[in-house]
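Following: one structure in structure tokens, then a few remarks.
The values are calculated or read from the model by the stated rules, or taken from the named source; none is laboratory data. Here the structure is a predicted model, which is why all the values come from computation and not from measurement. Every residue, glycine among them, receives a Cβ derived from its backbone with ideal geometry; neighbour counts consider all protein chains shown. Only protein heavy atoms, including side chains, enter the accessible area calculation; ligands, DNA and RNA are left aside. Shrake-Rupley method; radii C 1.70, N 1.55, O 1.52, S 1.80 Å.
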Amino acid sequence: MTSMPEGSSQSAGDSNKNVRGKTDPAWRYCNQVQESNSTGRSKRVERCKKVTDEVQNEMKQNIESHGSKKRKAQERYDDQHGAGPGDENEEVDDVVCKKRKNTSGDNPINSYFMSRTTTGSQSTIISVMQSQEAKEKVDLAIAKWMIDALIPFNATNSKLYQPMVDAIASIGLGYKAPNIHVVRGKLLTKSVKEVKMFVNSFHSIWRSTGCTIMSDGWIDQNNRNLINFLVYCPKRTIFLKSVDASEASKTGHRLFKLFKEVVLEVGVENVVQVVTDNASNYVMAGRLLEGEFPTLSWSPCAAQCLNLMFQDIGKLEDVSNTVKHAAGITKYIYNHCFVLNLMRQHTCGRKIIRPAPTRFATNFVALQSILAQKDALRAMVTCREWTQSSYSKDLNGRRYANNVLESKFWSECAIVVQLTEPLMRVLRLVDGDDRPAMGYLYKSIHVAKDDMIRRFQ
């Protein structure tokens, strides 16, 4: 560096244009000088004899201030991190070493994955293809096990499916899965305890919001009358228990004792409502519950009430004849393989729903289904395959064809469907799990009544 002679401010300004962003105050008194020699650029710096004492003092203070700021910055860093930069680098090196050790060939799970060429480098195409091949082998092993064990494919939709796979993958190679005795013994008992603890965790919610006890009766293959008890609260509906009520369901008083036990188990102070079937013995049990516990109310099942409404509609003579006519067509189709296959060809694979014996509403669902295939069924009994088959010459086959071609049946079928469709919408609403139905029930009933009146003036 050389000092600036007096009167050379213009030349200093021109020279400072080559100095990019220099913030040191010494540049107010200096120019950047480059000297060339045979060995290259010289980096020698010497004191200028023309610099005054004031400038020297200013430069000294600037150097001391810069050193003080640097020391304070280092102290702040040490206070925040508890170690100097050198110690931190050592900790980082230790972490990197540990990670490298965990990903070494000693870990058996790494045999499923191809290692990279160098740490931190990108995967090569070959390694990616080999990793994909390893994944496909694992996927195929899972699929073969499900197929061999006759496990439904929709089991993969379970929320516990992926956590199970993650747990197996985390334990590494050599894990031995539990056998049947361990699963149905110790592990089943442990799972039951966990479920009971989960159910008990809802007691606090029941106390704050109240809850509804719901019973669902059904008959199993051994003709046992079983009742499932569920508890509903705003958070979710949980299954409480299942009881064999083959003896208790015979009278209302026995049912009342059974329901009383369930109410006491949940907590009388928590129960706001009890919902049961609409049979006479259940009605009696509900009234006895209201007398025993004045703080709760009994309500019949809305879905069953609608089902009983369909039963009453089905008792009407014209409706009953139409339902029987449709049932005869459906029964003949499903009892003959040739006719069933021919029906599927004309309906493009669509089925005709058959009614269930315990749900009266399914009779009208079946009417909707057969009415939707009216043209296909008529085309079926007039096609060449049918007319040239032995079925068309058989007495039952001719009766079936006449029933399909009868215009009066189709007109009456359309009337019955038009009559019951509004109620069917209400049944789907209250019988579904998409959203709480009670808030929409009363309005939907009034809408259905108005719709039926409008259709049949």
(request) Over 32 Å between C-alpha atoms is what I'm after, so list which of Lys241/Lys324; Lys144/Lys186; Lys257/Lys315; Lys144/Lys374 land there. (result) Lys241/Lys324; Lys257/Lys315; Lys144/Lys374
(message) Computing the accessible area with a 1.4 Å probe over protein heavy atoms, can you report the carbon and sulfur percentage for the range 257-350?
(response) 54
(message) How far apart, in nanometres, would the label points at Asp450 and Phe338 be if each is projected 7 angstrom from Cα along the Cα-to-Cβ direction?
(response) 5.4
(message) Quick check: at a probe of 1.4 Å, how many percent of the accessible area of the range 364-457 sits on carbon and sulfur atoms?
(response) 52
(request) For Arg428 and Asn179, calculate 0.36 nm times their separation in residues minus their Cα-Cα distance, and state this gained length in nm to one decimal. (result) 85.3 nm
(request) Could you do me a favour and compute the accessible area per residue for the range 375-431, 1.4 Å probe, result in Å²? (result) 54
(request) Could you provide, to the nearest whole Å², the per residue accessible area of the range 127-203 with probe 1.4 Å? (result) 84
(message) Against the empirical 2.2 N^0.38 Å scaling, what ratio does the C-alpha Rg of the range 229-387 come to?
(response) 1.51
(request) Starting from the amide H of Gln273, placed 1.01 Å from N in the peptide plane, find each other amide H under 5 Å away whose residue is 5 or more places distant or on another chain. (result) Cys211, Ile213, Ser297
(request) Mind checking the range 157-222 for chymotrypsin sites (Phe, Trp or Tyr not before Pro) that DSSP puts in a loop (not H, G, I, E or B) and that have at most 15 other Cβ atoms within 10 Å? (result) Tyr175
